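Colleague: One structure, as structure tokens, below. Some questions next.
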Number of protein chains: 2
Amino acid sequence: MLNRDRLDAIVNNMKKLGLTQILVSDDNAVYYITGRKIDAMERCGALLIKDDGEVHAFMNRLFCFEEMDGMTMHYYSDDENPYKMIAENLNSGAVGFDKNWASKHTISILTERKDISPVIGSDAVDMSMALKDEEEKEKLRHAAKINDMAMDFAVSNIDEKLDEKELSDKIEEFFEKNGASRDIQLQYVCYGKNAAEPHHGAVAGEKLNEGDAVLFDLWAPINGYWCDMTRTVFYKKCSDRHREIYNIVKNAQKAAIDTVKPGVKMHDIDAAARKVISDAGYGEYFITRTGHGVGMTVHEPPEAKSGNDTIAEVGMCFSIEPGIYIKDDIGVRIEDLVIVTEDGCEVLTKYPKELIIVK
Amino acid sequence: MLNRDRLDAIVNNMKKLGLTQILVSDDNAVYYITGRKIDAMERCGALLIKDDGEVHAFMNRLFCFEEMDGMTMHYYSDDENPYKMIAENLNSGAVGFDKNWASKHTISILTERKDISPVIGSDAVDMSMALKDEEEKEKLRHAAKINDMAMDFAVSNIDEKLDEKELSDKIEEFFEKNGASRDIQLQYVCYGKNAAEPHHGAVAGEKLNEGDAVLFDLWAPINGYWCDMTRTVFYKKCSDRHREIYNIVKNAQKAAIDTVKPGVKMHDIDAAARKVISDAGYGEYFITRTGHGVGMTVHEPPEAKSGNDTIAEVGMCFSIEPGIYIKDDIGVRIEDLVIVTEDGCEVLTKYPKELIIVK
């Protein structure tokens, strides 16, 4: 069903951005607006939204959804030209195209109409999708709850007999049993110095040793919305230096979370975490951004990073995940998802952050 | 290293197509030309090829490869505008863009230069990539050899205790141990009437029964090149009718393979398989195309299907996979990969096609 509230928000954004017509092809964006996916794959499938709220759908008969109230449907067969069909429904002037739509579609439409000029139109949809409504918040909370369970499962299954990949596979299986879809990603399980590489995944043959940090970065899509959480625990013992590093990251993460409220800029959230780590003398080891938006995709706007002056608004959902990464030694990252509320934020992931030493 | 032979073939195709400059962004296409990947992800990364053989590379400093003889390198940082850099190196007139490049890149370049007109330029590269050279043929042969081993493993592991998904997972593990990369797809294992659905994958809980057809469609990328093979065997017994259907498909597949040689049209290969199945009275149950190209991707041009008058040329690699699909009863598909040779074709996959009844 056409979601009129979401459509209104998009049309409102179009007006703010000076766009009179946009083409929306992104699978998640189409689903966000209509509750259905086109799954056009390499074929042409898109919604055309006008600034008066008029919506057209253009879909291949083989990859389409049925008629929907409030939308004008245009179906084409493999022997028809969908671009001509779309072009006939455009007004002269600027047309906002989906940023990630394959260029063959955009170029084919431009070829049909010399009186239109292409601009990138995705912001109108992205700005709306960044502000989660109640239905979406519930889905994010549910996904975070499964994430908490998965983290508990992960920590409980730490075992010298399992290499990183084996433990990662067990966690993936746990996610799948608990509702994660096939688009699940590799679960990050990093032992010891491997955790010092922020994008180390989980590698077969990598063994666990006494005194290692064990970093779990667990993420999966559940009912169409992602969860994403990181915890770092220690195996059997933890040196004083590692304990110090852990506590600095924990304090940095708290400082960033405490900063979140409507009106602050995303770079201020990053700066809050960065200040704690820099003041403790580890600034050069915090080599990533502090966070990224999460929703129907696991990396989306807004980013909490230096230079991003996007203003936090009620309903935005993003990660807060500062870290300290010291090559050949240790990596510590602590990550939660938060949703911006009227007076601060709601932390979705609840797994404890006190230092844990697994015996 | 810049592959001069491949570049020459592309430039030659550009001339045939009337293109004087193309932008190549596809990861596989860039690798095909340079032996390196850009992995630009959402950032801008592309090669510019001119019809005099001049090549420029445009890459983000974070996602790039080093200087290479024969190419002019242009590196940009996150605070620079790569589109301006590309635009400055374009001539007026038509520019061929990569068909699948995200529209944001194409539009950003068009915004910089009002005197260029966008066309789809991928054919110049695709036409060259469809004709495999010796190095590529060796990789395809090697992948097919692993595919033969995987099929042998699959048939040997048929067991009532395993549901479709469990057997599929075992096959995937076998592929991984034998060099398949992480981009591996779900291995299709279809028991009984599930095989009647050409796109049935492998589903947990689906059990094997006496008299079932067992369809294995096994595919994986090995050293960057895909293999793809299907066999259908029977469990414990095979009715006369199923045996008849099996033999019709086997004969259809042979007829199509026998048709392959330089100069035939792709639709003639499809027609050869279709004739055998139609003459036997099962025409309405052959509901798919006969084949698709295979190389660095598992589905690429040329397709063996009705209406495709592409002419088979020496070096093309594609699948031959007719089938009969009878709902709620049985599905039989037999698939091999072939490479077109001077006087016919080389069949890469060698697993036997005589009817097998697993006891």
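No value in this document is a laboratory result; all are computed from the given coordinates. This is a predicted model, so every value here is computed, not measured. Cβ atoms come from the backbone with ideal geometry, glycine included; neighbour counts cover every protein chain shown.
Colleague: State to the nearest 20 debye the size of the charge dipole of chain A about its Cα centre, where the only charges are +1 on K and R beta carbons and -1 on D and E beta carbons.
Modeller: Details: 44 positive and 64 negative charges, 136 e Å.
In debye, rounded to 20, chain A gives about 660.
Colleague: State the answer as a single residue: which of A:Leu90, A:Tyr31, A:Ile120 lies farthest towards the positive end of the charge dipole of the range A:4-129, with beta carbon charges of +1 for Lys and Arg and -1 for Asp and Glu, about the Cα centre.
Modeller: Going by the Cα projections, it comes out as A:Ile120.
Colleague: If Lys and Arg each add +1 and Asp and Glu each add -1, what is the summed charge of the other residues whose beta carbon sits under 13 Å from the beta carbon of B:Lys265?
Modeller: Working: positive: B:Lys261, B:Lys305; negative: B:Asp268, B:Asp270, B:Glu303, B:Asp309, B:Glu313.
That sum, taken over residues with Cβ under 13 Å, equals -3.
Colleague: In whole angstrom, note down how far apart the Cα centers of the range B:109-161 and the range A:61-95 are.
Modeller: Answer, in whole Å: 31.
Colleague: To continue, here is another question. Output ³J(HN,Hα) for the range B:7-13: one whole-Hz value per residue in order, computed from phi by the Karplus curve 6.51 cos²θ - 1.76 cosθ + 1.60 with θ = phi - 60°, and x for Gly and Pro.
Modeller: Listing the rounded values in order: 4, 4, 4, 5, 4, 4, 5 Hz.
Colleague: Beyond 24 Å between alpha-carbons counts as too far, so tell me which of A:Lys99/A:Lys350; B:Lys237/B:Lys327; B:Lys139/B:Lys261; A:Lys145/A:Lys275 fall in that bin.
Modeller: Violating the 24 Å Cα-Cα cut-off are A:Lys99/A:Lys350; A:Lys145/A:Lys275.
Colleague: Run through every distinct alpha carbon pair of the range A:12-139 and return the Kirkwood hydrodynamic radius in angstroms, one decimal place. Each step should come with its number before you reach the end.
Modeller: On the way: mean 1/r = 0.0670 Å⁻¹.
Over the range A:12-139, the inverse of the mean reciprocal pair distance is 14.9 Å.
Colleague: Taking loop as defined by DSSP and a crowding limit of 13 other beta carbons within 10 Å, which trypsin sites (Lys or Arg not before Pro) in the range B:77-134 fit? Write down the numbers at each step before the final one.
Modeller: Values: sites: B:Lys84, B:Lys99, B:Lys104, B:Arg113, B:Lys114, B:Lys132; in loops: B:Lys99, B:Arg113, B:Lys114, B:Lys132.
Passing sites in the range B:77-134 are B:Lys114.
Colleague: Determine ³J(HN,Hα), in whole Hz, for all residues of the range A:84-93 in sequence, where each value follows from phi through the Karplus function 6.51 cos²θ - 1.76 cosθ + 1.60 and θ = phi - 60°; x replaces Gly and Pro.
Modeller: Couplings: 4, 4, 5, 4, 5, 9, 9, 8, 5, x Hz.
Colleague: Here's something else I'd like to know. What is the helix-to-structure angle for B:134-156, meaning the angle in degrees between its Cα long axis and the longest Cα principal axis of chain B, kept from 0 to 90 and rounded to the nearest 10?
Modeller: 30 degrees
Colleague: Only Cα pairs within less than 10 Å get springs; with that Gaussian network setup on chain B, which residue of B:Thr72, B:Thr20, B:Thr341 has the largest fluctuation?
Modeller: Of B:Thr72, B:Thr20, B:Thr341, the Gaussian network model singles out B:Thr72 as fluctuating most.
Colleague: Which values, in whole Å and largest first, are the semi-axes of the equivalent ellipsoid of the range A:191-262 obtained as the square root of 5 times each eigenvalue of the Cα gyration tensor? Could you put the intermediate results ahead of the total?
Modeller: On the way: eigenvalues 119, 84, 16 Å².
Calculated on Cα positions only, the semi-axes equal 24, 20, 9 Å.
Colleague: Counting only C-alpha contacts under 8 Å and six or more residues apart, can you give the relative contact order of the range A:1-115 as a whole percent? Provide the component values of the computation, followed by the final result.
Modeller: Working: 175 pairs, mean separation 30.1, N = 115.
So the answer I get is 26 percent.
Colleague: Shifting gears a bit: Please report the orientation-averaged projected area of the protein assembly as shown, defined via the convex hull of its C-alpha atoms, in nm². Write down the numbers at each step before the final one.
Modeller: Working: hull surface 128.1 nm².
With the hull built on Cα positions only, its mean projection is 32.0 nm².
Colleague: Scan around B:Ala202 for amide H atoms under 5 Å from its own, H built in the peptide plane at 1.01 Å from N, and keep only partners 5 or more places away or cross-chain.
Modeller: B:Val189
Colleague: Label B:Ser156 and A:Asn28 with points 7 Å out from Cα along Cα→Cβ: what is the distance between them in nm?
Modeller: Between B:Ser156 and A:Asn28, the simple spin-label model gives 4.4 nm.
Colleague: Counting only C-alpha contacts under 8 Å and six or more residues apart, can you give the relative contact order of the range A:31-93 as a whole percent? All intermediate terms of the calculation are to be shown ahead of the outcome.
Modeller: Working: 72 pairs, mean separation 15.9, N = 63.
Contact order relative to length: 25 percent.
Colleague: In the neighborhood of B:Asp309, defined by Cβ-to-Cβ distances under 10 Å, what is the net charge if each Lys or Arg adds +1 and each Asp or Glu adds -1? Could the numbers behind the result be given before it?
Modeller: Numbers: positive: B:Lys265; negative: B:Asp268.
Charge balance near B:Asp309 sits at 0.
Colleague: Run the label-point distances for A:Thr72 please: 7 Å along Cα to Cβ, every other copy, nanometres, shortest first.
Modeller: Shortest to longest, the spacings are 4.7 nm.
Colleague: Another question, then. Just to confirm the number: angle between the C-alpha axis of helix A:266-279 and the first principal axis of chain A, 0 to 90 degrees, nearest 10?
Modeller: Rounded to the nearest ten degrees, it is 20.
Colleague: Under the definition of Cα pairs under 8 Å and six or more residues apart, what whole-number percent is the relative contact order of the range A:134-358? Don't jump to the answer; show the numbers that get you there.
Modeller: Values: 544 pairs, mean separation 51.2, N = 225.
About 23 percent, as a whole number.
Colleague: Where a ≥ b ≥ c are the square roots of the eigenvalues of the C-alpha gyration tensor, would you call chain B rounded, which needs a/c under 1.5, or, failing that, prolate if a/b is larger than b/c, or oblate?
Modeller: Details: a/c = 2.52, a/b = 1.91, b/c = 1.32.
Verdict is prolate for chain B.
Colleague: Taking one equal scatterer on every alpha-carbon of the range B:144-287, how large is log10 of I(q)/I(0) by Debye at q = 0.08, 0.13, 0.15, 0.18 1/Å?
Modeller: For the requested q values the scattering log ratios are -0.25, -0.65, -0.85, -1.11.
Colleague: Hey, for A:Glu284 with labels 7 Å out along Cα-Cβ, what do the inter-copy distances come to in nm, ordered shortest first?
Modeller: Copy-to-copy label distances at A:Glu284, shortest first: 7.7 nm.
Colleague: What are the ³J(HN,Hα) values, in whole Hz, obtained from phi via the Karplus relation 6.51 cos²θ - 1.76 cosθ + 1.60 with θ = phi - 60°, for each residue of the range B:94-103 in sequence order, with x given for Gly and Pro?
Modeller: 6, 10, x, 9, 5, 4, 9, 5, 4, 4
Colleague: Using helices alone, I'd like the mean residue ellipticity at 222 nm for chain B: each DSSP H run of four-plus residues gives -39500 (n - 2.57), total over residue count, nearest 500. Write down the numbers at each step before the final one.
Modeller: Numbers: 9 runs with 116 residues, N = 359.
After summing the helix terms and dividing by residue count, I get -10000 deg cm²/dmol.
Colleague: Between A:Glu138 and the same site in the other copies, what are the distances in nm, shortest first, taking label points 7 Å from Cα along the C-beta direction?
Modeller: Spacings between copies for this position, smallest first, are 6.0 nm.
Colleague: Hey, another quick one. Pairing the Cα long axis of helix B:240-259 with the longest principal axis of chain B, what angle in degrees results, from 0 to 90 and rounded to the nearest 10?
Modeller: 30 degrees
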